[in-house]
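Q: Right, I'll just put the structure down here and ask away after.
The values are calculated or read from the model by the stated rules, or taken from the named source; none is laboratory data. It should be emphasised that the depicted structure is a prediction, and the values quoted were computed from it without experimental measurement. Cβ atoms come from the backbone with ideal geometry, glycine included; neighbour counts cover every protein chain shown. We work out accessible area using only protein heavy atoms, side chains counted, and drop any ligands, DNA or RNA first. Shrake-Rupley method; radii C 1.70, N 1.55, O 1.52, S 1.80 Å.
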Amino acid sequence: RTALERIKEGTGDRAARAYQDRGFVPLDTLPVEMPEKKDWFKEEIVTEFSDENVEFFNKTVQLCKDNGIEVYVISTPLSDGAIYSYDALDTIHQKYSELCKKQGVPFYNFSLVKGKSELFPDWYAFCDRNHIGIEKADEFTKLLADTISRARKGEDVSDSFYDSFSAYVVANSTNIAG
């Protein structure tokens, strides 16, 4: 089941309160299964952004800038089970990178952070393929805060990330059983 399905199944008010208090709904972790090697990169995902979504993104960024609010766009880590399943993550990553570059805002994709598999192992860190579970949520928050803090001090944090999912896969595939 997905995280959303688990939230809808009987957590109701508790989930709403948890989200209000912490900014996320804490869900227990479940081991994420890796696809078999023959199934790697075969699950299709949508790679197009609607004009309406791009327009609202641009308006939101401009509103923040107009009000002196720093903007950082992030993508939280995906499990390796997700990374090795989806077919076009590099395409999506490139589109987000270009969109953020046009707006002059940084984009940090934490699926590409070096050491991700050790920091957020599939067997312990996720509540489904696409969402971090409660056991690693605080650790991710610390990593995010540290990354932004370093960037605000003028440090180039790009060396903490792989440039693409292809580079991530090349660097990590020998550690993956599938």
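Q: Name the single residue, out of those in the range 114-131 being touching a helix residue (DSSP H, G or I) at 6+ places or on another chain (Cβ under 7 Å) and open to solvent by less than 10 Å² (accessible area, probe 1.4 Å), that is modelled with the lowest pLDDT.
A: Taking the candidates together, the pick is C127.
Q: Give me the residue from the range 80-112 that is among the β-branched types (V, I, T) and surrounded by fewer than 21 Cβ atoms within 10 Å (Cβ to Cβ) and, out of that set, nearest to K65 (Cα to Cα).
A: Checking each candidate, the answer is V105.
Q: Looking at this structure, is L63 of a type outside the set (V, I, T), at pLDDT 80 or above and surrounded by 12 or more Cβ atoms within 10 Å (Cβ to Cβ)? I'd like the intermediate steps shown before the answer.
A: Details: of a type outside the set (V, I, T): yes; at pLDDT 80 or above: yes; surrounded by 12 or more Cβ atoms within 10 Å (Cβ to Cβ): no.
So L63 does not fit the description; no.
Q: Would you say I134 is of a type in the set (A, V, I, L, M) and either more than 28 Å from Q62 (Cα to Cα) or open to solvent by less than 30 Å² (accessible area, probe 1.4 Å) (or both)?
A: yes
Q: Considering only the range 97-140, state which residues are under 12 Å from the mean Cα position of the chain (by Cα) and closer than 30 Å to E55 by Cα.
A: Within the range 97-140, F107, Y108, N109, F110, S111, L112, V113, R129, N130, H131, I132, F140 meet the criteria.
Q: Output the qualifying pairs, or none if there are none: Cβ atoms under 9 angstrom, residues six or more apart or on different chains, first residue in the range 80-108 and free of Cβ contacts under 8 Å to residues at least 24 places away in the same chain and under 26 Å from A125 (Cβ atoms), second residue open to solvent by less than 60 Å² (accessible area, probe 1.4 Å) and not hydroxyl-bearing (S, T, Y).
A: Every condition considered, the pairs that remain are Y96/V73; Y96/F107; Y96/N109; S97/F107; S97/N109.
Q: Also, I was wondering about something else. Filter the range 146-178 down to residues that are assigned to a loop (DSSP other than H, G, I, E, B) and under 20 Å from K38 (Cα atoms) and give me whichever is modelled with the highest pLDDT.
A: I176
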